[in-house]
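Reading through the structure tokens given below for one structure.
The values are calculated or read from the model by the stated rules, or taken from the named source; none is laboratory data. These numbers come from a predicted model, not from an experiment. Glycine gets a Cβ as well: all are built from the backbone with ideal geometry, and neighbour counts include every protein chain shown. Accessible surface areas use protein heavy atoms only, side chains included; no ligands, DNA or RNA. Shrake-Rupley method; radii C 1.70, N 1.55, O 1.52, S 1.80 Å.
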Amino acid sequence: LNKLWEIEENPREKILSQEELDCEEHFLKNTTRDKSGRYIVKLPFKKGEEKLGESFPMALKIFHHLENKLNHNATLAGILKEFIDMYRAHPALWQIKNKQLYNNRNLKNRGYSELVNIRKKLDPEANQKMVKSKIQSLRGSFRKELKKV
């Protein structure tokens with residue numbers, strides 16, 4: 001009966017993959033506590049470079065599709081331009097190096113409010129969360145293109 005019980009039990013030691021072993025080792029080597037008791041952990045990065053493949057043709061296709069869409073819809077193009085211009089007119093939303101301006105919640109809320117009003121021209125249900133998401137999307141696209149230059 002004891003042998004049957006031992007056979008049915010799960011193994012006591014978990015067998016870890018090499019990646020899991022590397023992760024454990026990294027944790028043990030790079031985890032400390034500061035004076036306040038908070039843990040400080042250095043983030044692990046995978047070794048080696050993984051290539052994503054040829055994304056240029058797909059990116060070019062998406063660009064041409066968007067360009068064509070904006071050329072055929074002057075209203076959409078105008079609203080997008082108005083949105084970007086309004087965003088640029090409110091440096092409290094984007095001027096990170098100016099901490100006094102960037103940390104001013106009243107100025108930020110005023111800017112977001114004006115951007116929500118513009119977004120409502122396309123979507124009456126628009127809110128601040130949607131606007132922030134759109135801004136993050138535009139920022140991400142801009143940063144990707146900037147890296148290519």
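Note on D85 and N68: the extension gain reaches 4.0 nm, defined as 0.36 nm multiplied by sequence separation minus the Cα-Cα distance. With a simple spin-label model that places each label point 7 Å from the Cα along the Cα-to-Cβ direction, the separation between A59 and E20 comes to 3.7 nm.
When you work out D = kT/(6 pi eta Rh) for the range 27-118 at 4 °C and 1.567 mPa s, using the Kirkwood radius from C-alpha pairs as Rh and the Stokes-Einstein form, the result is 71 µm²/s. Put simply, the convex hull of the Cα atoms in the range 73-139 casts, on average, a shadow of 4.4 nm². Accessible surface for the range 98-143, divided over its residues, is 72 Å² per residue with a 1.4 Å probe.
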